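The values are calculated or read from the model by the stated rules, or taken from the named source; none is laboratory data. Keep in mind that this is a model prediction, so the values were computed, not measured. Note: ideal-geometry Cβ built from the backbone for every residue, glycine included; neighbour counts use all protein chains shown. Note: areas computed on protein heavy atoms with side chains; ligands, DNA, RNA excluded. Shrake-Rupley method; radii C 1.70, N 1.55, O 1.52, S 1.80 Å.
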Amino acid sequence: MGLVTYVNGAFVPKEEAKISVYDHGYLYGDGIFEGIRAYNGRVFRLDRHLDRLYDSAQYLMLEIPMSKDDMAAAIVETVRRCGLRDAYIRPVISRGVGDLGLDPRKCKTPTVVIIVDTIQLYPKEAYERGLRVVTAAIRKVRPDALSVQAKTLNYINNILARIEANRAGVDEALMLHSDGYVCECSADNIFLVRGGEVWTPPAYLGILLGVTRETVMELARHQGLPMLERVFTLHDVYTADECFLTGTGAEVGPVVEVDGRRIASGRPGPITQRLITAFREQVVREGTPIYTEEVAERRA
Ligand code: PXG
């Protein structure tokens with residue numbers, strides 16, 4: 001079965017999924033998106049992703065022309081038509097087709113696209129040996145300039161950081177607040193383990209509140225680990241007992257080197273490994289069923 005894309009209410013083959021060059025998502029990055037995964041025939045934390053998508057729309061004063069329930073149904077239906085049990089789902093809503101000026105009033109209807117495909121961000125070995133990270137020279141956009149809690153189509157700040165990682169020949173780029181505090185990576189949140197505590201930066205520094213971050217925080221607390229949202233510096237990262245990243249694409253990925261410093265033993269740490277195991281168990285346990293037999297099973 002070929003891949004199917006949802007475009008403004010129609011389900012079309014991936015190869016035929018196209019939008020206008022006058023779309024303001026293309027011309028100005030005026031739009032929003034989500035990155036969602038399905039595991040074993042279930043969409044993981046669809047409600048949380050849709051809450052974030054509609055919050056991003058609210059921030060941009062972009063009215064998504066369908067309810068959250070209809071969006072959820074369209075997402076499930078697109079995955080179903082692709083015939084995938086494990087998938088990466090990318091809803092993209094842009095301001096729509098307008099003229100060459102940036103005034104959004106010229107865009108009469110938002111463009112709604114749902115892409116479904118597969119994704120493997122890092123090779124399997126990367127999870128066994130651990131990821132290498134560098135700090136990007138470019139700083140995060142301050143939250144008083146632009147909300148980074150909204151997942152907008154403007155990812156240039158993160159892409160410039162990722163280019164730095166590529167040039168350094170490592171897996172990811174760590175991004176700092178302009179005051180120097182650790183924020184997050186180009187497409188993942190960051191966690192440290194220090195003295196048996198688990199730390200991750202707080203929302204007010206200007207980070208994306210990741211669905212994977214939220215899940216891992218729950219799992220850590222469930223395992224009785226002290227889970228703290230707190231400000232920390234590169235010094236804390238370099239001297240941490242363990243470090244890992246979380247993201248829908250990356251899932252939970254151990255970090256073993258930052259800016260040329262080996263983190264502790266230089267191997268994925270024990271608490272990280274426990275959380276990776278717990279995460280992998282959790283993603284197949286919960287989720288919105290895609291296929292009817294599982295919908296029926298759930299109701300029974
Ligand atoms: N921080 C940023 C800046 C992100 O873009 C995350 C953290 C993790 O959030 P979730 O909800 O996924 O746990 C993201 C994730 C990808 C990809 O390919 C991911 C994102 C954006 C673009 C690509 O994994 N967002």
Check: What's the extension gain from residue 125 to residue 204 if we count 0.36 nm per residue and subtract their Cα-Cα distance?
Finding: 25.0 nm
Note to self: With the crude spin-label approximation of a point 7 Å out along Cα→Cβ, what separation in nm comes out for residue 146 versus residue 167?
What the structure shows: 2.0 nm
Note to self: List the lysines whose Cα sits under 17 Å from the Cα of residue 140, skipping any in the same chain fewer than 8 residues away.
What the structure shows: 151
Next item on the list: Could you give the spread of the C-alpha atoms of the chain along their three principal axes, from largest to smallest, in whole angstroms?
Entry: 53, 52, 30
Next item on the list: Distance from a point 7 Å along Cα→Cβ of residue 63 to each backbone N in region 95-112: keep the residues under 19 Å and list them by number.
Entry: 95-99, 103-112
Next item on the list: Compare the Cα positions of 203, 169, 231 along the charge dipole of region 124-283 (+1 at Cβ of Lys, Arg; -1 at Cβ of Asp, Glu; about the Cα centre) and return the one farthest towards the positive end.
Entry: 169
Next item on the list: Take every DSSP beta bridge with both residues inside region 198-300 and express the antiparallel ones as a percent of the total, to the nearest 5.
Entry: 70 percent
Check: For region 4-117, with only Lys/Arg (+1) and Asp/Glu (-1) charged at the beta-carbon, what is the dipole magnitude about the Cα centre, in debye rounded to 20?
Finding: 260 debye
Next item on the list: May I ask you to give the solvent-accessible area per residue for the chain, in square angstrom, as obtained with a 1.4 angstrom probe?
Entry: 47 Å²
Item checked: Global geometry of region 1-91, whether rounded, prolate or oblate, following the gyration tensor of its Cα atoms and the 1.5 cut on a/c -> oblate
Next item on the list: Only Cα pairs under 8 Å and at least 6 apart count here; give the relative contact order of the chain as a rounded whole percent.
Entry: 19 percent
Check: By how many nm would the segment from residue 281 to residue 221 lengthen if fully extended, with 0.36 nm per residue of separation less the alpha-carbon distance?
Finding: 20.0 nm
Notebook entry, point to check: Where the only charges are on Cβ atoms (+1 Lys, Arg; -1 Asp, Glu), what is the dipole of region 176-285 about its Cα centre, to the nearest 20 debye?
Noted result: 280 debye
Margin query: So if each residue of separation counts as 0.36 nm, and I subtract the Cα-Cα distance between residue 194 and residue 47, what length gain in nm does that give?
Written below: 49.7 nm
Check: Within region 124-283, what percent of beta bridges assigned by DSSP are antiparallel, to the nearest 5?
Finding: 65 percent
Next item on the list: Compute the distance in nm between two label points, each set 7 Å from the Cα along the Cα-to-Cβ direction, one at residue 117 and one at residue 233.
Entry: 4.1 nm
Next item on the list: Sum -39500 (n - 2.57) across every DSSP H segment of at least 4 residues in the chain, then divide by the residue count to get the 222 nm mean residue ellipticity, nearest 500.
Entry: -9500 deg cm²/dmol
Note to self: Give the aspartates and glutamates reachable from residue 106 as a straight Cα distance under 20 Å; neighbours fewer than 8 places away on the same chain don't count.
What the structure shows: 23, 30, 63
Next item on the list: Scale the Cα Rg of region 183-300 by the rule-of-thumb value 2.2 N^0.38 Å and send over the ratio, two decimals.
Entry: 1.17
Margin query: Only bridges whose two residues both fall in the chain count here: according to DSSP, what percent of them are antiparallel, nearest 5?
Written below: 85 percent
Check: Per 10 Å bin, what percent of the C-alpha pairs of region 108-202 does each bin hold, from zero upward?
Finding: 13, 38, 34, 13, 2, 0
Next item on the list: Roll a 1.4 Å probe over the protein heavy atoms and report the accessible area of residue 236 in Å², nearest 10.
Entry: 30 Å²
Check: Using a 1.4 Å probe, how large is the accessible area of residue 47, given in Å² and rounded to the nearest 10?
Finding: 110 Å²
